[in-house]
């Protein structure tokens, strides 16, 4: 897990809805924007099983060189998302 986080947003309903609202306003969404909508929808519903792969998809797309994910950091997940994830069988 990362010791330092850059450009980090807490994973919570408010942030998910804000980003989804912005993405919904895009007239012709790109593949990446469509993928982001899919990721955010999954996370909202507590489906966080591929969150590290989702992070790495965006990390690769942005040309990341430091900070590739190798697992789930539950410290950045708010209680509402965490509860839905646990209901889906994930163990923090």
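Here the peptides 19-27, 54-62 are ranked by packing, the mean other Cβ count within 10 Å, and the order with the highest first is 54-62, 19-27. On full extension of the chain, what length is gained from residue 70 through residue 83, given 0.36 nm per residue of separation minus the C-alpha to C-alpha distance? Full-extension gain reported as 2.5 nm. For the chain, the spread of Cα positions along the three principal axes, ordered from largest to smallest, is 37, 30, 18 Å.
Between residue 19 and residue 57, the distance separating the two model label sites (each 7 Å from Cα on the Cα→Cβ line) works out to 1.1 nm.
A simple spin-label model places the labels of residue 47 and residue 31 2.0 nm from each other, with each point 7 Å out along Cα-to-Cβ.
A short reminder: the numbers here are calculations on the coordinates, not readings from a lab. Remember, it's a predicted structure, so these values are computed and weren't measured experimentally. Cβ coordinates were reconstructed from backbone atoms using ideal geometry, including for glycine residues, and neighbour counts include every protein chain displayed.
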